[in-house]
1. Scan V97, V105, V110 and give me the residue that is within 30 Å of G38 (Cα to Cα) and within 16 Å of the ligand (Cβ to nearest atom).
2. Working only within region 331-355, note down all residues that are open to solvent by 10 Å² or more (accessible area, probe 1.4 Å) and in a loop (DSSP other than H, G, I, E, B).
3. Considering only region 182-197, how many residues are surrounded by 19 or more Cβ atoms within 10 Å (Cβ to Cβ) and assigned to a loop (DSSP other than H, G, I, E, B)?
4. Determine the pairs where a residue that is farther than 20 Å from P304 by Cα, located within region 129-154, has a partner that is away from the ligand (no atom under 15 Å from the Cβ) with Cβ atoms under 9 Å apart, the partner being 6 or more residues away or on another chain.
5. Looking only at region 287-329, count how many residues are within 21 Å of the chain's Cα centre (by Cα) and in a helix (DSSP H, G or I).
6. Take the residues in region 140-154 that are open to solvent by 20 Å² or more (accessible area, probe 1.4 Å) and of a type outside the set (D, E, K, R), then tell me which one is nearest to the ligand (Cβ to nearest atom).
7. Taking region 1-28, which residues are aliphatic (A, V, I, L, M) and away from the ligand (no atom under 16 Å from the Cβ)?
Amino acid sequence: MRDVAVIGIGITKFGELWWQNLRELYVEAALKAIKDAGVDHLDSMYVGCMTSGLFCAQEHLGSLMADYLGQKHLPAYRIESACASGGLAFRLGYIEVASGMSDIVLVGGVEKMLTGADATFALASAADQEYEAFHGNTFPGLYAMIAKAHMTKYGTTREQMAAVAVKSHDNGSKNPNAQFPLKISKEMVLNATPVADPLGLFDCSPVSDGAAAVILCPVELAKKYTDTIIKVIGSGAATSTIALHQRDDITFLDAVYQAGKRAYEVAGLKPEDIDFAEVHDCFTIAEICCIEALGFCEVGQGGPFSEAGNTALDGKVPINTSGGLKSKGHPVGATGVAQIVELVEQLRGSAGERQVKNAKRGLAQNMGGSGGSSVVHILEVQ
Ligand code: COA
C-alpha cells in the first residue's frame, strides 16, 4: 500500500441554490479542487451521491459528471451509502491510490435536494422501507426515538442537545459557505417549532443543495504539487442493521464505533490523539452519540461533555468546526467530502476565524441513515 495525500479541495456554497442544477454544482466543486491541486489530468473519479434519482430523476452520474467536467473517457464511479455516500467515495478513491492502480483521483460528492421533490420521502429511502418508512417513520422520527432512549437511559437533557446546536451555529457563523451562518441561543433551540418530540427545528440539519471535491495522489507525487503534505493516516468503514428495532441498544451507534476502531488501528492512534473532528450531526442527538462511539467522551456522557464546552472551538476536542451538518447544511451525498475539505482547511491553517490552534490531526466521520453505515478517516499534516 502506498501513502496517500490530499492535494486539492473545492466546495460550493451550501443552501437553497435554485439557480444551479446537479451537474453545475458538482463541476463547480470539482474545478475548484483541480485548480487548487494544480494537476493537469485525472486518472479516475468517484462521485458520492445518495439519491439523485428521487430528487432530480437523474442517475448514471459517473458518466454525466465526467462528461460535464470535460473528462470524457475517464473511468468514473458513482458511490451510494445514503448520507455516508461522500465519505465512502473518499475511502474508495483512497484505496485506489493506495493500491497503486491510479495516481491522481478526484473524489466528489453532490446532492441537489431542493427540486420540488418530497425530501422527507426521498431521505426515508435510506431507512428500512418495509419496517420503518412504510409505517410512516421519517429520519427526524427515528432520531427522536434515539434521543428519547438516550434521555431515559443516561439522563441526557434537551438543554444539553441545545448546547450542541448553539456551538455548531457559532462555528458556522464563521464559515462563508454555511447555509445557516447565524448564531443562535439555547432559548431559540428550546422554543423552536417542534419537529419530532423531543427534537425541534434547531435540532435538525436542513435540506440543502451543495457539492464538495478533493484530489488524492501518492505522498511521493504530492511533493511535486505542494509543500504542505496532508496524509490520510487512517481509514475505516462499517455497517450495522438499518432498522433500529434490530439493534441491541439504539443509543449506541455500533457502525460508528467499528469504523472508528478500524481507523484508529490503521493510524496507530487513540481518540485522545485527535486534535479536532467533523462528525455526522444530522441531529443534535447524533453528534452526542457519535462523539461517544468515537471515544471522545464516556458512553452516555456526550450531553454533559458538550454542555461543559469541551467540543467548542477552544475546547478539549473541537467538534464540527465547519458548523457541521446543523449550520453548514447537509446536501447528503456531499457531506462526507465536505468534512474532508474542512479537515484540510484546518490542517493547512487556512480556516480563518474558525481555525483550531495547533491542528495537526483531524478525524472525519460520516454516517448513513440512522447508523446503518459509517466511515471514518484520520488526516495528519506532515
Ligand atoms: N435549521 C434551521 N433553520 C431551518 C432549518 C434547519 N434545519 N430548516 C429550515 N429552516 C428555516 C428555513 O430557512 C425557513 O426560514 P424562513 O421562514 O425564515 O425562510 C424556516 O426554517 C422554515 O423552513 P421550511 O423549509 O418550511 O422547513 P420545513 O418545516 O419544511 O423543514 C425540517 C424543516 C427540520 C423538517 C427539515 O429541514 C428536515 O427534514 N431536516 C432533516 C433532514 C434530514 O433528515 N436529513 C437526513 C438526516 S439522516
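1. Within the list V97, V105, V110, the selection yields V110.
2. Within region 331-355, G349, S350, Q355 meet the criteria.
3. Residues in region 182-197 being surrounded by 19 or more Cβ atoms within 10 Å (Cβ to Cβ) and assigned to a loop (DSSP other than H, G, I, E, B): 1 in total.
4. That search, which allows pairs on different chains as well, returns Y131/H245; Y131/Q246; E132/H245; N137/Y131.
5. 15
6. It comes out as P140.
7. Passing the criteria: M1, V4, A5, V6, I7, I9, I11, L22, L25, V27.
Let's see how each residue does on (1) closer than 30 Å to M65 by Cα; (2) of a type outside the set (D, E); (3) under 23 Å from the mean Cα position of the chain (by Cα):
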residue: V164; (1), (2), (3): no, yes, yes
residue: N175; (1), (2), (3): yes, yes, yes
residue: Q179; (1), (2), (3): yes, yes, yes
residue: V189; (1), (2), (3): no, yes, yes
residue: T193; (1), (2), (3): no, yes, no
residue: D209; (1), (2), (3): yes, no, yes
residue: E220; (1), (2), (3): yes, no, no
residue: A243; (1), (2), (3): no, yes, yes
residue: L253; (1), (2), (3): no, yes, yes
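The values are calculated or read from the model by the stated rules, or taken from the named source; none is laboratory data. Quick caveat: nothing in here was measured; it's all calculated off a predicted structure. As a convention, Cβ positions derive from the backbone with ideal geometry for all residues, glycine included, and neighbour counts pool all protein chains shown. To get the accessible areas, we keep the full protein, side chains included, count just its heavy atoms, and leave off ligands, DNA and RNA. Shrake-Rupley method; radii C 1.70, N 1.55, O 1.52, S 1.80 Å.
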